[in-house]
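Student: Input: one structure, supplied below.
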Amino acid sequence: MMMRIARKIALAAMINSWFAVSAIAVVDDGVARAWVKKAYEFAGLKAESLDSLFTIAIDPTTSKTAWVTLKHCRDSGDSLDLNLAAAEHYLFIRWFAAKEGQLNVMLMPNVYDAMKSLGLGDILKLTEKPTSPPDPDVVRWGQDGARRGLKDFQKNTGQALDTYKDLPLMANGMWENYQAGVDNPKCKVSL
């Protein structure tokens, strides 16, 4: 009985926070895109244009290198910059989706945002830096990264997407990959 009540409270808080936060989205898409471009350039990818980075298939190793580049920038002092957060979330989930090919990865940006809305975001952080606040634009960037990563998986492997993987198992795999990507938080790129 108490668990059902707790679940209802958590769900109500989550729904309420989504509506409350939706009016204050502050991500500048142009700035976030510029961060993605810088990170991919640092990873060795030379694109014809900024737009092509969001349309061409990119191998998971390059996306991981680009993600780690921005993760280091966030961990070295810019953890609350929502433009940088959006770009870093985009790259992380694009890399993970391209590596795994799991459709459930589309849910992860929303799950992480909901955890933050409920005050649980800090259990996932790897440094003493604060986590960025919940933000619908950061979620949108994460969802776009998941979509692009799934397309990368299909183009790079020629395989169909896996339609189901146990969500807690996948979340644990994401967490293990996230931890493995962070080693020396020193930012090596700037806008």
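Student: Here is a list: G44, G30. Which entry is farther than 17 Å from K155 by Cβ, assigned to a loop (DSSP other than H, G, I, E, B) and without any contact (Cβ under 8 Å) to a residue 60 or more places away in the chain?
Tutor: On the way: G30 fails: assigned to a loop (DSSP other than H, G, I, E, B).
The match here is G44.
Student: Under 8 Å by Cβ, and 6 or more places apart or on different chains, what pairs join a residue from the stretch 113-126 that is modelled with pLDDT of 80 or more with one that is surrounded by 18 or more Cβ atoms within 10 Å (Cβ to Cβ) and among the charged types (D, E, K, R)?
Tutor: Listed pairs, sorted by first residue: D113/D135.
Student: Among the residues of the stretch 72-83, how many are outside any loop (DSSP other than H, G, I, E, B) and within 21 Å of G30 (Cβ to Cβ)? Spell out the reasoning first.
Tutor: Within the stretch 72-83, the subset outside any loop (DSSP other than H, G, I, E, B) is 72-78, 82-83.
Narrowing further to those that are within 21 Å of G30 (Cβ to Cβ): 73-74, 78, 82-83.
Residues meeting the conditions: 5.
Student: Of a type outside the set (K, R) and not in a helix (DSSP H, G or I): is that true of P109 in this structure?
Tutor: Numbers: of a type outside the set (K, R): yes; not in a helix (DSSP H, G or I): no.
So P109 does not fit the description; no.
Student: Got a sec? Which of T69, T65 is assigned to a helix (DSSP H, G or I), of a type in the set (S, T, N, Q) and in contact with a Phe, Trp or Tyr (Cβ under 7 Å, 6 or more places away or on another chain)? Break it down into steps so the answer makes sense when it comes.
Tutor: Values: T65 fails: in contact with a Phe, Trp or Tyr (Cβ under 7 Å, 6 or more places away or on another chain).
When all the criteria are applied, what remains is T69.
The values are calculated or read from the model by the stated rules, or taken from the named source; none is laboratory data. Quick caveat, the model's predicted, so the values are computed rather than measured. As a convention, Cβ positions derive from the backbone with ideal geometry for all residues, glycine included, and neighbour counts pool all protein chains shown.
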